[in-house]
Amino acid sequence: MSTNTAQAAQQRHIICMKWGTKYGPEYVNRLYAMVRRHLTGDFNFVCLTDNTEGLRPEVECHPIPDINFNLAPGEPDRAWKKLTTFEADLYGLRGTALFLDIDIVIVGSLDDFFTQPGQFLIIKDYPRFWRNNAKRIVGNSSVYRFELGAHPDVLEYFRKHSQEMRAQYRNEQEYLSHFLNKQGKLSYWPAAWCPSFKYACIPAWPTNYWTEPVPPKDARIVIFHGECNPPDALAGRRNKRFRHIQPAKWVAKEWAQLA
């Protein structure tokens, strides 16, 4: 292996994706700053996006590759675009990629996310009381790691069978988890690393009325899904009635855009 090839194979990339108007450039800029504070050593920060306006200069921007299907009128997005990170050649990038959703909040070291053993690592989706969680294999794709170019069949198969796969699977993370699990390549992050804000940070009733939601011990990345996103958490509001929370003041500290 040549020196240049070896260096490329060892390179670390943070990849995120922004499309549409739901999230502004400040989400990407905050994410970069959080990564820079919590990841030691060199890394390359890449944003796949349809709009580069307002992004800080440290962010390497590329268009989102074509997923090769169009949503029907009124059809939910379901984040299928994330599958394009599995292009056989994603803009010539080589090495290890850690994909991060732009609405997460990083609260601990990211170093171990690049050294944890496994071909493909993802969050084990959070338990629900109505599911058989012991047998459920679906991951939450807010945080996943893979070798760039190592799993091109994920995208190739979807492009050839997109209508069938979209009918069979609810969203991209369900398809992705099942596809790689069948190949024996699916692994999960340690459960403590990526807690759900909704399930793991909000105090139990009635202490939620006077106690601030905080990340549990050993948390690295707090995941926001469902009815509460980071601005809601910071403001102390939830999008469901009778579910009070106090402001999560630590979000503002971690959101600081100074790296």
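The table below gives the values:
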| read-out | value |
| --- | --- |
| Placed amide H near PHE120: partners under 5 Å, 5+ positions off or other chain | SER187 |
| Amide proton proximity set for ASN44, modelled H, under 5 Å, gap of 5+ | ARG12, HIS13, ILE14 |
| CD proxy at 222 nm, helix term only [per DSSP H run n ≥ 4: -39500 (n - 2.57); per residue of the chain; nearest 500] | -6500 deg cm²/dmol |
| Calculated P(r) of region 68-216 - Cα pairs past 26 Å, % | 33 percent |
| Amide hydrogen neighbours beyond the local backbone of MET17, cut-off 5 Å, H modeled | LEU48, ILE102 |
| For the chain, built as a Gaussian network whose Cα springs stay under 10 Å, the top-fluctuating residue of LEU71, LEU93, LEU83 | LEU71 |
| 1.4 Å probe accessible area per residue over region 184-223, in Å² | 50 Å² |
| Pairs of alpha carbons in region 159-256 whose separation is greater than 20 Å (percent) | 51 percent |
| Distance cut-off 34 Å, percentage of C-alpha pairs in the chain lying past it | 16 percent |
| For the chain, built as a Gaussian network whose Cα springs stay under 10 Å, the top-fluctuating residue of GLY92, GLY74, GLY41 | GLY74 |
| Vicinal HN-Hα couplings computed from phi for region 71-88 (Karplus, 6.51 cos²θ - 1.76 cosθ + 1.60; Hz; Gly/Pro x) | 5, 6, x, x, 6, x, 5, 6, 6, 4, 4, 4, 4, 6, 5, 9, 3, 4 |
| GNM flexibility winner over the chain from GLN11, GLN246, GLN168 (Cα, springs under 10 Å) | GLN168 |
| Charge dipole of region 116-259 about the Cα centre (unit charges at C-beta), most positive-ward option of VAL138, GLN173, ILE202 | ILE202 |
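The values are calculated or read from the model by the stated rules, or taken from the named source; none is laboratory data. Note that the structure is a prediction, hence the values are computed from the model and not measured. With ideal geometry, Cβ positions are generated from the backbone for all residues, glycine too; neighbour counts draw on all protein chains shown. Areas reflect the complete protein model, heavy atoms only, side chains present, ligands, DNA and RNA absent. Shrake-Rupley method; radii C 1.70, N 1.55, O 1.52, S 1.80 Å.
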